[in-house]
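The values are calculated or read from the model by the stated rules, or taken from the named source; none is laboratory data. In this text, all values refer to a predicted model and were calculated from it rather than measured experimentally. Heads up, the Cβs are rebuilt from the backbone with ideal geometry, glycines too, and the neighbour counts pull from every protein chain shown.
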Amino acid sequence: MCCSSFLMVQGFLGHPENHAAPVAAFLPSTFSRKKMKKSTVLASALVGAMAFAGASHAATKVDAPIMTSGVPITANVQIQGWLNDDFGIQGWTHFSKWGQFEARKGQRVTVTVISGRAGTHPGVSVWWRNTGPMTAPAGGKGNYYQNHAYNQYDTIKTGVMTDEVTGAEVGYLEMITATNGYDADGATPKYAANANLFNPVFDGIPGTIQLSFVAPRNGTYQLVTGGVFPDSSVCQMKPVNNCGGFALQAAFTYQVDIR
Ligand SMILES: [Ca+2]
């Protein structure tokens, strides 16, 4: 259920700023990407896009625990969950961890994420989420999110989405970005063109990040965290260019403080 080329194409269409990587991402893993001419890659992308035309937005169901101010959650995340090469340098929905909380306009919200594994770096994003009529269910184990990948730094709006398993319509998604960033202490960033969008944050402590923002409106906020730019010492544990893989995870502890 995780990584079909079909869904890679949707990610490609949804985020035009990230064209190159998603196109390569839906090639078979055994395929030599270097041998493939650029024109062939683009043609493959267009064929895939045409096949997808007319389909509605696939919705992925994730567990988004309801968070209480000051109460931490610890969960295993993929060490490249927040920014994964195989998803066109987007976040990996299934292998990140989610949360949801309520805040009133004007409240100060502080988000803290601490990694329990040396050499890994947390990224975190928060959006205000529309939970009004016709929107997809939010929060808990029935939380729907768009597709298998997420844009870490941008507002997200879709048409009516359908459950990727049942095909049932589940409503649309509107998430307005509130804050995002990643622990840049000791990290070696890639993708310089997007560096400011990803928001590197330095606090002098590798493996931790804290972000603070004033809630722009009343209502529901959605949080996601995952690893980003793991150190080479960690990457060397996996003999592949994408050092994350499925199995390589870290225990992240994340919490919100709302005042
Ligand atoms: Ca830090």
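Among the residues of the range 90-132, those that are assigned to a loop (DSSP other than H, G, I, E, B) and within 11 Å of the chain's Cα centre (by Cα) comprise T93, H94, F95, S96. Scanning the range 150-169 turns up no residue that is at pLDDT 95 or above, within 12 Å of T220 (Cβ to Cβ) and among the charged types (D, E, K, R).
Taking the numbered list (1) in contact with a Gly (Cβ under 7 Å, 6 or more places away or on another chain); (2) within 16 Å of the ligand (Cβ to nearest atom); (3) touching a residue at least 40 places away in the same chain (Cβ under 8 Å) in turn, A149 passes all entries but (2). When the range 67-89 is limited to residues that are in contact with a helix residue (DSSP H, G or I) (Cβ under 8 Å, 6 or more places away or on another chain) and either in a strand (DSSP E or B) or among the acidic types (D, E) (or both), the one that is nearest to P189 (Cα to Cα) turns out to be D85.
Residue check: is S69 surrounded by fewer than 16 Cβ atoms within 10 Å (Cβ to Cβ) and modelled with pLDDT under 95? Judged against the criteria, S69 is not a match.
Of all residues in the range 174-217, those satisfying the criterion of being in a strand (DSSP E or B), more than 7 Å from the ligand (Cβ to nearest atom) and among the β-branched types (V, I, T) are I176, T177, T179, V214. Among the residues examined, V165 does not qualify as surrounded by 15 or more Cβ atoms within 10 Å (Cβ to Cβ) and either of a type in the set (A, V, I, L, M, F, W, C) or in a strand (DSSP E or B) (or both).
Contact map, the range 193-209: first residue free of Cβ contacts under 8 Å to residues at least 24 places away in the same chain, second residue part of a strand (DSSP E or B) and more than 7 Å from the ligand (Cβ to nearest atom), Cβ cut-off under 8 Å, separation 6 or more or different chains; pairs are P200/G181; P200/Y182; V201/G181; V201/Y182; V201/Q210; V201/L211; D203/Q210.
The set of residues in the range 101-118 that are surrounded by 20 or more Cβ atoms within 10 Å (Cβ to Cβ), over 15 Å from I73 (Cα atoms) and small (G, A, S) contains only A103. Scanning the range 201-238 for residues that are in contact with a Leu (Cβ under 9 Å, 6 or more places away or on another chain), modelled with pLDDT of 95 or more and surrounded by fewer than 22 Cβ atoms within 10 Å (Cβ to Cβ) yields a single hit, V201. One residue stands out in the range 139-148 among those that are buried (at least 20 other Cβ atoms within 10 Å of the Cβ) and closer than 24 Å to T253 by Cβ: the one that is farthest from the chain's Cα centre (by Cα), namely G139. Just name the residue that is farthest from G207 (Cα to Cα) out of those in the range 170-194 that are modelled with pLDDT of 95 or more and of a type in the set (V, I, T). Looking at residues that are modelled with pLDDT of 95 or more and of a type in the set (V, I, T), I get V170.
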